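**Q** So that we are looking at the same thing, I have put the structure below in structure tokens.
Taken together, the values in this text are just the output of simple stated rules run on the coordinates, not laboratory data. Worth saying up front: this structure is predicted, and the values here are computed from it rather than measured. Cβ placement follows ideal geometry from the backbone for every residue including glycine, while neighbour counts extend to all protein chains displayed.
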Amino acid sequence: MAKVKPQDIDCVAYTKGPGMGAPLVSTAVVARTVAQLWNKPLLGVNHCIGHIEMGRRVTGAVNPVVLYVSGGNTQVIAYQLKKYRIFGETIDIAVGNCLDRFARVLKISNDPSPGYNIEQMAKKGEKLIDLPYGVKGMDVSFSGILSYIEDAAQSLLDSKQATPEDLCFSLQETVFAMLVEITERAMAHCGSEEVLIVGGVGCNERLQEMMGIMAAERGAKVFATDERYCIDNGAMIAQAGWEMFRTGHVTPLVDSWCTQRFRTDEVEVTWRDDSGEPI
Amino acid sequence: MATSSVKKAVERNSGLLSMELRVPFPSQQLAIVAYGSLFPDPEPRKEIVKKLRVEDKELVVLFTAPQARLLRVAFHSFLDHLDMTIQTMEKFGPADPQDV
């Protein structure tokens, strides 16, 4: 395939966390085995930082405020003094989780993904239903809007006050507006002129569009990738692992345990200097 | 009688059950690689204790838990990870396992 030999490999990167325990451990076990067999250094990578570093690499964004949105995570992140600091996040569930669970209520297909199908249906929605808006300072909350729409969906559909397309449209417009608001708040805080959207929900073109409108009003630019890089992938772990390795990180076996909770700001970003420039 | 001596053994062990598994490898180096891959992750359940060591060419695992079903769960999961380790060795290791 890649026609690369063990001698060509410098290090072995794997996901240390965050995420679900069993899948994390299964890849870690294989990574540790390969690293030992080939006598290569091991790098335990933070999954969120994988997304950030892939986004920076692919888009060329220099020092963006990052909106990381997926089924499992919702964070607004900005680099400051050797850390990817979390400026805002969900206080309950991730936005992707909210969308996926809403799709189940309407029995929307999982093929190719519930989020993709909600996006297509939303394009045909016309009516904006009033839904609870959950911005709390720098943070967001989605469990309220989810339980509201789970309860209200059937009666809205039955009474013909809304079509399924209207509900998809309304949910997207509301949750995306929330995300745009907390991103803007972080940008104002940091004086940033760039927004980078990463994570599976980042594929959504309406989210990119809404973010673009806000950014343009501030004279800022939005960077986003397509589904090859937004969605979880191994290359992003390798990219972050490489940045870590070339600037001195190594994960000894005894520290290579996987963890379901791993905050983005726990990692020392050795590959960027105090002003955010690459080292 | 058999049952009362088992009961006493369990009581002496403070009510804990234990199970030991010995996995032979073609070389001590490979047993050490397996150890390196399998020791770092703690057991998700605190009541289960897993201890690994290498003895000559064998990887030895000792599980301790208060209930048999917990031993079963830990053992099952360990076998899955052990299987992945061995498959990885077969796929990516040197042609002759004695070379490691």
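**Q** Could you give the semi-axes, largest first, of the ellipsoid that matches segment A:81-159, computed as the square roots of 5 times the alpha carbon gyration tensor eigenvalues and rounded to whole Å?
**A** 27, 16, 11
**Q** At a 10 angstrom cut-off on C-beta neighbours, averaged per residue, how do the peptides A:102-111, A:203-212, B:37-46 rank from highest to lowest?
**A** Peptide ranking by packing, descending: A:203-212, B:37-46, A:102-111.
**Q** So what does the Cα-only Debye profile of segment A:190-255 read at q = 0.19, 0.21, 0.25, 0.27 Å⁻¹, as log10 I(q)/I(0), no solvent term?
**A** Log10 of I(q)/I(0), two decimals: -0.82, -0.88, -1.00, -1.07.
**Q** Which of A:THR183, A:THR247, A:SER70 sits farthest toward the positive end of the charge dipole of the protein assembly as shown, with +1 on the Cβ of Lys and Arg and -1 on the Cβ of Asp and Glu?
**A** A:THR247
**Q** Report the far tail of the P(r) of segment A:1-157, meaning the percent of Cα-Cα pairs longer than 29 Å.
**A** 38 percent
**Q** Can you tell me which of A:CYS258, A:CYS230, A:CYS190 moves the most in a GNM of chain A? Springs connect C-alpha atoms under 10 Å apart.
**A** Result for chain A, Cα springs under 10 Å: A:CYS190 fluctuates most.
**Q** Here's something else I'd like to know. Between helix A:205-217 and chain A, what is the angle of the helix's C-alpha long axis to the longest principal axis, kept within 0 to 90° and rounded to the nearest 10?
**A** Helix A:205-217 and the main axis of chain A meet at about 90 degrees.
**Q** Pop a pseudo-label 7 angstrom from the Cα along the beta-carbon direction at both B:LEU21 and A:LEU157 and give the gap in nm to one decimal.
**A** So the label points at B:LEU21 and A:LEU157 sit 4.6 nm apart.
**Q** Under 1.5 on a/c is rounded, so check that first for segment A:1-76, then, if it is not, pick prolate when a/b is larger than b/c and oblate when it is not; a ≥ b ≥ c are the square roots of the alpha carbon gyration tensor eigenvalues.
**A** oblate
**Q** Mind jotting down a quarter of the surface of the convex hull over the alpha carbons of segment A:111-198, in square nanometres, one decimal?
**A** Here the figure is 6.8 nm², rounded to one decimal.
**Q** While we're on this one: What is the packing order of peptides A:214-220, A:14-20, taking the mean over residues of other C-beta atoms within 10 Å and listing the highest first?
**A** Per-residue Cβ counts within 10 Å, averaged per peptide and sorted highest first, yield A:14-20, A:214-220.
**Q** Across peptide B:72-81, how many C-beta atoms of other chains are within 10 Å of each residue C-beta, on average?
**A** 1
**Q** Mind listing the phi-derived Karplus ³J(HN,Hα) values for segment B:26-36, rounded to whole Hz, using 6.51, -1.76 and 1.60 with θ = phi - 60°, and x for any glycine or proline?
**A** With coefficients 6.51, -1.76 and 1.60, one gets x, 8, 5, 4, 5, 5, 5, 4, 4, 4, x Hz.
**Q** Can you compute the helix-only [θ] at 222 nm over chain A? Use -39500 (n - 2.57) per DSSP H run of at least 4 residues, normalise by all residues, nearest 500 deg cm²/dmol.
**A** Calculated from helices alone, the mean residue ellipticity at 222 nm is -14000 deg cm²/dmol.
**Q** Enter the mean number of other protein chain beta carbons within 10 Å of the beta carbon of each residue in A:24-35, as an integer.
**A** Average per residue, whole number: 6.
**Q** Hand me the trypsin sites (Lys or Arg not before Pro) from segment A:110-192 located in a DSSP loop with no more than 10 other Cβ atoms within 10 Å, in residue order please.
**A** A:LYS160
**Q** Quick one: work out the % antiparallel among DSSP beta bridges in the protein assembly as shown, nearest 5.
**A** Given both bridge residues lie in the protein assembly as shown, the antiparallel proportion sits at roughly 65 percent.
**Q** Enumerate the calculated ³J(HN,Hα) couplings along segment A:188-199 in order (Karplus 6.51 cos²θ - 1.76 cosθ + 1.60, θ = phi - 60°), each rounded to whole Hz, writing x wherever the residue is Gly or Pro.
**A** Per-residue couplings from phi come out as 5, 4, 8, x, 8, 10, 9, 10, 10, 9, 10, x Hz.
**Q** Moving on. For chain A, divide the Cα radius of gyration by the Kirkwood radius and give the resulting Rg/Rh value with two decimals.
**A** Here the Rg-to-Rh quotient is 1.01.
**Q** Could I ask something else about it? Based on the mean of other Cβ atoms within 10 Å per residue, sort peptides B:81-93, A:34-46 so the most packed one is first.
**A** In descending order of packing, they fall as A:34-46, B:81-93.
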